[in-house]
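Worksheet: the structure to be examined is printed underneath.
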Ligand code: NDP
């Protein structure tokens, strides 16, 4: 990356992998970090705890249209985003028969439509300025190649996020890198205490994708900085 100051926003950055991504991006020279949380107090507390070139912003994905409007306000206040990390996510348990439409709707709003709404707001500006990095936190549980083994609403929402990654990569052109990644099994509230990886380990590939050089990949799916099957 050049030394130009870039503005990055990470959703769900108040805890777990999102917080580790924010902390790691803050170590990069020239990146201003906006930590987004659905609760304003959490966002501000996290920003204060992390310190440095950081601010906290409230951003709830449960209503994707409202999230898009909020993102427009955030760009008016802090300037255009150069890096978007769609990290926030929810995991609702249940197989196909246990998953009613309300559960599927909730999972799709937070895990898929919210990220798409944010990409639609920030993507065109990144494209016209000729630089952008978008990272979508997906999961092997949303991979057909890996068997779609997660709970149904989660698997469907992450598979659809993967599809959106390919579509946006195509639409936003070569200078905006749009990639999906799986962090592995990570010790967070979602992953539980027995998971094999720390939040910092889970964040590594996301941070790499958020800071890709100009000849880096776009439209791919990665784990441990290596391509994986969709
Ligand atoms: P956590 O459950 O620890 O954190 C989830 C984050 O998302 C929290 O900040 C939470 O906010 C936020 N969030 C939830 N709902 C909303 C909403 N409606 N609007 C805005 N933010 C919201 O999860 P992880 O850190 O483990 O996961 C981060 C990402 O990595 C997710 O997309 C997940 O699917 C993915 N992933 C995680 C794996 C793991 O093993 N942990 C494995 C594979 C993928 P709040 O604190 O307010 O609830």
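Where a number appears in this text, it was derived from the coordinates with a stated rule and is not lab data. These numbers come from a predicted model, not from an experiment. Ideal geometry is used to build each Cβ from the backbone, glycine not excepted, and the neighbour counts take in all protein chains shown.
A few comments on the model shown:
- With Cα atoms as the point set, the radius of gyration and Dmax of region 176-218 evaluate to 12.3, 38 Å.
- Cα-based helix-to-principal-axis angle, 64-78 vs the chain, degrees rounded to 10: 20
- Each peptide in 27-38, 177-188, 48-59 was scored by the mean count of other Cβ atoms within 10 Å over its residues; highest first, the order is 177-188, 27-38, 48-59.
- Taking the longest Cα principal axis of the chain as reference, the axis of helix 114-129 is set at about 30 degrees.
- Equivalent-ellipsoid semi-axes of the chain, from the Cα gyration tensor, Å, largest first: 25, 19, 18
- Using bins of 10 Å that start at zero, the share of Cα-Cα pairs per bin across region 66-128 amounts to 20, 43, 23, 12, 2, in whole %.
- For region 140-230, the gyration tensor built on C-alpha atoms gives an oblate shape. Its axis ratio a/c (a ≥ b ≥ c) is at least 1.5, and a/b is not larger than b/c.
- The relative contact order of the chain, computed from alpha carbon pairs under 8 Å that lie at least 6 residues apart in sequence, is 19 percent.
- Modelled label positions at residue 41 and residue 96, each set 7 Å beyond Cα in the direction of Cβ, lie 4.4 nm from each other.
- With distances taken between every two different alpha-carbon atoms, region 44-162 has a Kirkwood hydrodynamic radius of 15.5 Å.
- Part-to-part distance (alpha-carbon centres) for region 201-230 and region 4-51, which is given in Å: 19
- Additional length obtainable on full extension of the chain from residue 226 to residue 189, 0.36 nm per residue less Cα span: 10.8 nm
- With only the Cα atoms considered, region 1-111 has a convex hull volume of 105 Å³ per residue.
- FRET efficiency, 1/(1 + (r/R0)^6) with R0 30 Å, evaluated for residue 48 and residue 77 via beta carbons: 0.95
- Modelled label reach - residue 167, point 7 Å along Cα→Cβ, region 46-75 residues with backbone N closer than 16 Å: 64-65
- The value obtained for region 1-60, namely the Cα convex hull volume divided by the number of residues, is 63 Å³ per residue.
- Taken over region 25-89, the convex hull of the Cα atoms encloses 89 Å³ per residue.
- Here the simple spin-label model places points 7 Å from the Cα toward Cβ, and for residue 174 and residue 58 these points are separated by 4.4 nm.
- Beta bridges by DSSP in the chain, antiparallel share as percent, to the nearest 5: 5
- Between helix 152-172 and the chain: long-axis angle, C-alpha atoms, 0 to 90°, nearest 10: 40
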